[in-house]
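A.B. asks: Got a structure here, written out as structure tokens. Questions coming.
Read the figures in this text as sums done on the coordinates, not as results from a lab. Keep in mind that what you see is a predicted model, and the values were worked out from it rather than measured. Virtual Cβ from ideal backbone geometry, glycine too; neighbours counted across all protein chains shown.
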Amino acid sequence: MSPRPFRLGRSLTGLGLFATRPIKKKSRIAEYRGRRLGIDAALKAEKSGNRYLYEVNSKITIDGARHGNIARYFNHSCNPNCDTFIRNKRVFIRTLRNIKPEEELTYDYGRDYLKNVIGLKNCLCSRCRKRRKKHAAELREKRARKAKRLANAAVKGKTKKSKTKKTGTKKTAKKRGGKR
Ligand SMILES: [Zn+2]
């Protein structure tokens, strides 16, 4: 088997997996490995805070928290470049599109996980960050427009206040003693 096309590295949320070479669309790149738990053991693991549980079906859950399961480091994204699929009760991760080297590999953990574990407002995936950034910029603009409106209104309200503020005479910039 060829070595993994990705490496473990620092991501925004801690650790993540990053492509080390171009990967073709629909390549199977990893298996989600781990102990297989029955219903009771899975519930117990969930209650104890295990976040690396992958429900294969109603009876089998994979506990991927242990070492040796590199797939536990795939981070969640709402706009993922990978997804998971199940074959013969085993879980695999494959690429959804062509991947460039150094791209972080992600898959969508699903609405439940996002809602209950990550929290809808806490998602740090690139799509959510972009959306939040845009939203923040819009808010800033809105506030700036409002401040300007208020300032204009204040100016109009005041009687004759000289608008032209004299700027101090420009001093020629004094160069600091150059070390040459
Ligand atoms: Zn997200």
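A.B. asks: Every cysteine in the chain with no other Cys Cβ under 4.7 Å from its Cβ, please list them in numeric order.
C.D. replies: Cys78, Cys82, Cys125 - these cysteines have no disulfide-compatible partner (Cβ-Cβ under 4.7 Å) in the chain.
A.B. asks: Can you flag which of Lys44/Lys134; Lys47/Lys133; Lys26/Lys89; Lys25/Lys130 are past 31 Å Cα-Cα?
C.D. replies: Lys44/Lys134; Lys47/Lys133
A.B. asks: FRET efficiency for Tyr52 and Asn98, Cβ-Cβ distance as r, R0 = 35 Å, nearest 0.05?
C.D. replies: Efficiency computed from Cβ-Cβ geometry: 0.80.
A.B. asks: By counting other Cβ atoms within 10 Å of each Cβ, how are Val155, Val91, Val56 ranked from fewest to most? List each step's numbers first, then the result.
C.D. replies: On the way: Val155 10, Val91 20, Val56 16.
Fewest-to-most Cβ neighbours within 10 Å comes out as Val155, Val56, Val91.
A.B. asks: Could I ask something else about it? Between Ile60 and Lys24, what length comes free when the chain is fully extended (0.36 nm per residue of separation minus the Cα-Cα distance, one decimal in nm)? Before the final figure, lay out each step's value.
C.D. replies: Numbers: separation 36, 0.36 × 36 = 12.96 nm, distance 3.05 nm.
In short, 9.9 nm is gained.
A.B. asks: Take the alpha carbon atoms of region 126-147, find their center, do the same for region 1-70, and report the distance between the two centers in whole angstrom.
C.D. replies: First find each Cα centre; the distance between them is then 35 Å.
A.B. asks: Next question. Amide H neighbours of Leu105 under 5 Å, counting only residues 5+ apart in sequence or on other chains, H built in-plane at 1.01 Å?
C.D. replies: The answer is Leu17, Phe18, Ala19.
A.B. asks: Additional query: Using the alpha-carbon atoms, what tilt in degrees (0 to 90, nearest 10) does helix 126-157 show relative to the longest principal axis of the chain?
C.D. replies: 20
A.B. asks: Quick one: if the Förster radius is 25 Å, what FRET efficiency do Lys142 and Cys78 give, using the C-beta to C-beta distance and rounding to 0.05?
C.D. replies: Values: r = 25 Å, r/R0 = 1.01.
Rounded to the nearest 0.05, the efficiency is 0.50.
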